Amino acid sequence: MTVTERPPGPRSRSARTADSRLLILDAAVACLVEDGYAGASTLAVQARAGVSRGRLLHHFPSRAELLVAAADHLATTKLEEVRLRSAALMADGPTGRERVDRAIDLMWATFQEPPFWAATELWTAARTDPALRAALRGEERRLRAAITAVGDGIWGAEIAAAPIYAELTELLFTSMRGVALVYAFESRPAATDPHLPLWKRLAARLLELDGEA
């Protein structure tokens, strides 16, 4: 007896809406990362996504909302990847100085990836674009909270409980962000950056781990 498979039923309107929104976000991410803020116009995103003007404006009434949502979408996706990489990196349960060194290596690596460069494009443009600045401000706070939560998992409960931990991670974050900007115009291996051993020594000293192997 032959069973005839039924063709899939029509997809719901909400599913089609979600798909088109994701298509637009992926296109905006590609434009922002590959062509920068100047090249990520709504027309460029619309063409790359293959959607109508009305469809794009239905989801994102302004360019600022579109690009901030795109950067957030990219960062959220990458944060999950970082969380999984961290789980693999720390699977053998390193502690003390060894865990600090691995955490800093992973933290620094994220500043060489697309979310950082997408954010950099937006931060720079926001200086002279009030609408973009307003759209970016709220998302930045939410995203920073998500980054902190992932970071706490990378460092581990013992280190995250240290009194200096919050100040240390803030210092590392801002320092790495500044150093990473150099890589926009200088080609060299990030893994051999001279700041990397300095950050590790500084973290060990502040966390009072200098006596550990």
(message) List pairs: first residue in segment 98-110 and farther than 15 Å from LYS78 by Cβ, second residue among the aromatic types (Phe, Trp, Tyr) anywhere in the structure, Cβ distance under 6 angstrom, at least six positions apart or on different chains.
(response) ALA103/TRP155; ILE104/TRP199
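One line per residue, one yes/no per condition, for (1) over 14 Å from the mean Cα position of the chain (by Cα); (2) farther than 22 Å from VAL150 by Cβ; (3) modelled with pLDDT under 90:
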position	(1), (2), (3)
ARG6	yes, yes, yes
GLY9	yes, yes, yes
ARG13	yes, yes, yes
THR17	yes, yes, yes
ILE24	yes, yes, no
ALA44	yes, yes, no
ARG53	yes, yes, no
ALA69	no, no, no
MET90	yes, no, no
(message) Whether any residue in segment 122-134 is assigned to a helix (DSSP H, G or I), within 30 Å of ALA203 (Cα to Cα) and either modelled with pLDDT of 95 or more or not hydrophobic (A, V, I, L, M, F, W, C) (or both) is what I want to check.
(response) yes
(request) Please specify each residue of segment 107-127 satisfying the condition of being surrounded by fewer than 18 Cβ atoms within 10 Å (Cβ to Cβ) and closer than 19 Å to PRO194 by Cβ. (result) ALA109, GLN112
(message) Of the residues ALA88, ALA131, only one is farther than 19 Å from PHE173 by Cα and in contact with a Ser or Thr (Cβ under 8 Å, 6 or more places away or on another chain); which?
(response) ALA131
(request) Within segment 89-121, track down each residue that is part of a loop (DSSP other than H, G, I, E, B) and not hydrophobic (A, V, I, L, M, F, W, C). (result) ASP92, GLY93, PRO94, THR95, GLU113
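The values are calculated or read from the model by the stated rules, or taken from the named source; none is laboratory data. On a predicted model such as this, the values are computed, not experimentally measured, just so you know. No Cβ is skipped: glycine too gets one built from the backbone with ideal geometry, and neighbour counts run over all protein chains shown.
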